[in-house]
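A short worksheet on the structure shown next.
Please treat every number below as a calculation from the coordinates, not as lab data. Not measured: the values here are computed from a predicted model. In this analysis, Cβ positions are derived from the backbone assuming ideal geometry, glycine residues included, and neighbour counts consider all displayed protein chains.
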Amino acid sequence: MTSYNYETEIQTRYRDIDAMNHVNNAVYASYLEAARLEYFRDVVGERLERTDTVIVRLAIDYTAPIELDQDVLVALGVDNIGESSITMEYEIRADGDVAATARTVQAIRDDDDGTSTSVPEHWQEQIACHEIDYDSELE
């Protein structure tokens, strides 16, 4: 289990709500994406939409519904950096309570031929620095 060392607030929109009057299950993936975008910008120093990455695995476990008027926060942390992928774990929280947990595997691909390629060294360094800084804050 990884530490959730990055958090971002999510603005729940009326359009996120389904006929059962809570956030639709598919929208949770969008919340994870928004958190990844901010993580890459703030921690890695890259704009995720300008990187050559693809999600190759997404798993979400739902534990409670999210309603329109709740404060939503996504906490995430990097669980593993492989040769050509980054595994992230998440908690989606509504008013401080866990509404879902999730895990993604994001592969780095070569833009020229679409095959997997190594995680850039400077990404690994930035993530490691963030992890060390976060762990130091806890001590």
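Exposed loop sites are taken as trypsin sites (Lys or Arg not before Pro) in a DSSP loop (any state but H, G, I, E or B) with at most 11 other beta carbon atoms within 10 Å; the longest stretch of the chain without one runs 48-139. Of the GluC sites (Glu not before Pro) in the stretch 1-98, the ones in a loop by DSSP (not H, G, I, E or B) with at most 10 other beta carbons within 10 Å are 83. Simple rule: put +1 on each Lys or Arg Cβ and -1 on each Asp or Glu Cβ in the chain, find the dipole, and look at 119, 132, 102; the Cα lying farthest toward the positive end is 102.
Across the stretch 76-97, the residues whose backbone nitrogen lies under 20 Å from the label position 7 Å along the beta-carbon direction of residue 7 are 76-79, 88-97.
When the Cα gyration tensor is reduced to axis lengths a ≥ b ≥ c, the ratio a/c is 1.5 or higher for the stretch 6-138, and with a/b above b/c it is classed as prolate. Taking a Cβ cut-off of under 12 Å around residue 119, the surrounding Lys, Arg, Asp and Glu residues balance to a net charge of -4, with basic ones at +1 and acidic ones at -1. The GNM of the chain, with springs linking C-alpha atoms under 10 angstrom apart, assigns the highest mean-square fluctuation among 92, 55, 108 to 55. Counting 0.36 nm for each residue step from residue 71 to residue 17 and taking away their Cα separation leaves a gain of 18.0 nm.
Dipole size of the chain about its Cα centre, with +1 on Lys/Arg Cβ and -1 on Asp/Glu Cβ: approximately 500 debye, rounded to the nearest 20.
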